[in-house]
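Shown next, in C-alpha cells, is the structure this report addresses.
The values are calculated or read from the model by the stated rules, or taken from the named source; none is laboratory data. Computed from a prediction, not measured in an experiment: that's the story for all the values here. Positions of Cβ are backbone-derived with ideal geometry, glycine not excepted, and every protein chain shown enters the neighbour counts.
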Amino acid sequence: MPELISEMRQDLKDHPFAREIIIMSKKWTYNGSGKMIFSYFFEDHEHLREKIKLCENYGAVVNITFNNVDRYEFTEDFAEYLESPN
C-alpha cells in the first residue's frame, strides 16, 4: 500500500482540512458538492477496495457512503499519521 499512502499524504499536505475520500473508476463521472474530496482510482491502485477495507478495519477511515459512490472519511488519528514526517 505504499503508493496509496504516499498519495494520501500528498493530498493531505496540499489540502490539510479535507477528510473525505471517494474510490471509483476513471471511467465514471462524479459531480460532487463543491467541497474538497480526495479521489482514488481503481486503475491507479490494484485491489483499492480491499486496501480501503483494511484501512477501515484498522480505524483509519470510516465508511460514510450515502449513494452509489464508495465514500470514506479519514479519522483524525489517521490524518495526523499521514501528516507526520515519513
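Kindly indicate whether I23 is surrounded by 12 or more Cβ atoms within 10 Å (Cβ to Cβ), in contact with a strand residue (DSSP E or B) (Cβ under 6 Å, 6 or more places away or on another chain) and either under 15 Å from L4 (Cα atoms) or among the aromatic types (F, W, Y) (or both). Yes, satisfied. For first residues located in segment 1-28 and within 19 Å of I64 (Cβ to Cβ) and modelled with pLDDT of 95 or more, partners that are part of a helix (DSSP H, G or I) and aliphatic (A, V, I, L, M) and lie 6+ apart or on another chain with Cβ distances below 6 Å form the pairs M8/L82; L12/L82; I23/L48; I23/I52. Pairs are defined by a Cβ separation below 6 Å, a sequence spacing of at least 6 or placement on different chains, a first member in segment 62-86 that is surrounded by 17 or more Cβ atoms within 10 Å (Cβ to Cβ), and a second member that is of a type in the set (S, T, N, Q) and part of a loop (DSSP other than H, G, I, E, B); the pairs so defined are R71/T65. Beta carbons closer than 6 Å, at least 6 apart along the sequence or on distinct chains, pair a first residue in segment 34-59 that is closer than 19 Å to K13 by Cβ with a second that is part of a loop (DSSP other than H, G, I, E, B) and not acidic (D, E) for M36/H15; M36/A18.
If the condition is being closer than 20 Å to P16 by Cα and of a type in the set (D, E, K, R), then segment 27-82 contributes K35, R71, E73, E76, D77, E80.
Does F42 satisfy being under 9 Å from the mean Cα position of the chain (by Cα), of a type outside the set (K, R) and surrounded by 12 or more Cβ atoms within 10 Å (Cβ to Cβ)? Considered against the rule, which asks whether it is under 9 Å from the mean Cα position of the chain (by Cα), of a type outside the set (K, R) and surrounded by 12 or more Cβ atoms within 10 Å (Cβ to Cβ), F42 comes out as no.
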